[in-house]
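Got a structure for you, written out below as C-alpha cells; questions coming shortly.
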Amino acid sequence: MSQGKLIHVVPAVSEEASGPSYSVVRLCESLRLSGEDVTMVSLDWTPMQAPPEFLKRFSLGLGPRRLGRSPTMHRWLDQRASAGDVALIHGHGLWLMVNVYPGWVARKYDIPLVFSPRGTLSRWAMSSGSPVKRVFWPLLQRPALTATTCFHATADSEFEDIRGMGFRQPVAIIPNGVDVPPGKASGSRDWRTLLFLGRIHPKKGLDLLLPAWGAVQDRFPEWRLKVVGPDDGGYLPRTRQLAEKLGLKRVEFTGALLGDAKWQAYRDAEVFALPTYSENFGLSVAEALASGIPAIVTRGAPWRGLEEHRAGWWVDIGVDALVASFNDALSRPVIELEAMGARGREWMQADFSWTRIAQMMGETYRWVREGGTPPLWVRSG
C-alpha cells in the first residue's frame, strides 16, 4: 500500500468473538502481519478486558442507541482524512450512523472506500427488522454507499444481493477466514451429538430445526440435539416453548459458549446443523468444518462446496429437507462421519486460512488504490 493507514470501521467488537467481532478482528490482525498499517474503529458498546492494540473505540452520542450515532468517531475520521493520513477506508455492515460515516468521509476527501455489507443487503435482511430501515435507507445509508469504490462480498450469493440493490461498482468476492483448531479426537461418548451453534434468532431457522429433530428423535435414541448460542432479542424463550410444545426429547439449550468451551462443543459433536434462512457466509459452518465435523446447511447459506468436497449436506430450506438429511447423517457409522469431517477440515486449511484471505484483501486494496488489472476474484459485471 502507499503511504497512509487502512481504517476499518465496524459497529462494535465484543469478547464473544463471533460474527464481525471475529472475522473483522482476524482480518485486521492478518493484514497487520502482512505489513499493512491498520487501525480499526468501533463503538464502545460492550466492555472488553483485553481489546486489540489496533482498536480505537468511541462513545455513543445523543439519540436512540439503535442509531449508533457517534460524533466523536465522525470527527476523528474527518480529522485523519483531512491530514492526509488515510490511504483507504473499509466499512463493515449497515443500519447505524457509524456505517454512514465512511461514505461521508470518503466522498469529502476522495479516499477509496471498500464496503462489506456482511449480509445486510440480503432479501431476508432488507425485509426484516425495524421500520426505521425504510427511512434510514433512502435518506442516509444508500447515499453513503454510492461513495463505495469496491464492495466486498463473502460469497457469490452476496454479490447477487449487491447487484440486486442496484449497485454497479466492482465487487471483490473473498470469503471469511477461519482458524483451524487442534484435531478432533476419536473416542466413545455418552451421547452422539447433533449440534447447532449460533445466535438464537429467527433467521437461524430454529423453527425448522426443532420440528425436524422431533421427526427423527425416536429413530435415533443414542443421539441428542445440543443448541448453543446467546439469546438475540428475546427469541430464546419462544424457542424453548416450541421445544416443549413439540414434546421434544434430548434437547439441551446451553446458552452462549466462548473460547475453549465453544471449541469443545464442536469437538464433542459428530454432526453440525445450520438451518438458516439467510447468511452471507455462516462462520459457524467454517468453524465446524475446521473442527472436523460434517455439516448440514440449508441453501440460505453459501455452502455449495459441502457437496463438492463431500463434507456434508447442502439442502433446501424446509423441515422435510432437514428430516431427510438428518436421517441420512445420523444413520451413518462413526467412521464415515469422521472421514467427511476430515475432508472438511482439509478444505478449510487449504482455502480459508487467514494468511490467504489477508493476501487476497491486500491485493484488492492495492488495485483499488493504484488501478491496473483487477485481481481474479473481482467482478465488474
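Having 2 or more residues that are under 19 Å from Arg65 (Cβ atoms) is the bar; report the helices (runs of 4 or more DSSP H) wholly within region 84-171 that clear it.
133-136
Identify, by number, the condition in (1) closer than 26 Å to Thr373 by Cα; (2) touching a His at 6+ places or on another chain (Cβ under 8 Å); (3) not basic (Lys, Arg) that Val105 doesn't meet.
(1) is the only condition that Val105 fails.
So in region 120-150, with the set limited to residues that are touching a residue at least 60 places away in the same chain (Cβ under 8 Å) and among the aliphatic types (A, V, I, L, M), which one is farthest from Val105 (Cα to Cα)?
Residue satisfying both the conditions and the ranking: Ala125.
Here's the yes/no breakdown for (1) under 21 Å from Ser14 (Cβ atoms); (2) basic (Lys, Arg); (3) at pLDDT below 95:
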{"residue": "Glu244", "(1), (2), (3)": "no, no, no"}
{"residue": "Val251", "(1), (2), (3)": "no, no, no"}
{"residue": "Gly255", "(1), (2), (3)": "yes, no, yes"}
{"residue": "Leu258", "(1), (2), (3)": "yes, no, yes"}
{"residue": "Ala265", "(1), (2), (3)": "yes, no, no"}
{"residue": "Glu270", "(1), (2), (3)": "no, no, no"}
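Exactly one of these conditions fails for Leu194: (1) in contact with a helix residue (DSSP H, G or I) (Cβ under 6 Å, 6 or more places away or on another chain); (2) not in a loop (DSSP other than H, G, I, E, B). Give me its number.
With respect to (1) in contact with a helix residue (DSSP H, G or I) (Cβ under 6 Å, 6 or more places away or on another chain); (2) not in a loop (DSSP other than H, G, I, E, B), Leu194 is out only on (1).
For region 52-73: of the residues being out of contact with any Ser or Thr (no Cβ under 9 Å at 6 or more places or on another chain) and assigned to a loop (DSSP other than H, G, I, E, B), which is nearest to Arg26 (Cα to Cα)?
So, considering only residues that are out of contact with any Ser or Thr (no Cβ under 9 Å at 6 or more places or on another chain) and assigned to a loop (DSSP other than H, G, I, E, B), the one nearest to Arg26 (Cα to Cα) is Pro52.
Right, something else. Can you pull out the strands (runs of 3 or more DSSP E) entirely within region 205-284 that have at least 3 residues that are buried (at least 22 other Cβ atoms within 10 Å of the Cβ)?
271-274
Shifting gears a bit: Return only the number of the condition from (1) of a type in the set (Lys, Arg); (2) buried (at least 17 other Cβ atoms within 10 Å of the Cβ); (3) over 22 Å from the mean Cα position of the chain (by Cα); (4) more than 27 Å from Gly371 (Cα to Cα) that Arg80 does not satisfy.
With (1) of a type in the set (Lys, Arg); (2) buried (at least 17 other Cβ atoms within 10 Å of the Cβ); (3) over 22 Å from the mean Cα position of the chain (by Cα); (4) more than 27 Å from Gly371 (Cα to Cα) applied to Arg80, the lone miss is (4).
What number of residues in region 352-374 are touching a helix residue (DSSP H, G or I) at 6+ places or on another chain (Cβ under 6 Å) and either β-branched (Val, Ile, Thr) or closer than 20 Å to Gly91 by Cα (or both)?
2
Among the listed residues Ala106, Ala87, Ala153, identify the single one that is crowded, with 19+ Cβ neighbours inside 10 Å and closer than 21 Å to Phe281 by Cα.
The match here is Ala153.
Then there is this: Condition first: under 23 Å from Arg267 (Cβ atoms), aromatic (Phe, Trp, Tyr), without any contact (Cβ under 8 Å) to a residue 60 or more places away in the chain and in contact with a Leu (Cβ under 8 Å, 6 or more places away or on another chain). Can you find one or more residues in region 324-331 that meet it?
Checking region 324-331: not a single residue is under 23 Å from Arg267 (Cβ atoms), aromatic (Phe, Trp, Tyr), without any contact (Cβ under 8 Å) to a residue 60 or more places away in the chain and in contact with a Leu (Cβ under 8 Å, 6 or more places away or on another chain).
So that you can scan it fast, the table gives a plain yes or no per residue for (1) within 18 Å of the chain's Cα centre (by Cα); (2) outside the structural domain of Gly119 (by TED's automatic domain parsing):
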| position | (1), (2) |
| --- | --- |
| Phe281 | yes, yes |
| Ile296 | yes, yes |
| Ala329 | no, yes |
| Arg366 | no, no |
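The values are calculated or read from the model by the stated rules, or taken from the named source; none is laboratory data. Predicted model, so just to flag it, every value in this text is computed and none were measured. A quick note on method: Cβ atoms are made from the backbone with ideal geometry, for glycine too, and the neighbour counts reach across all protein chains shown.
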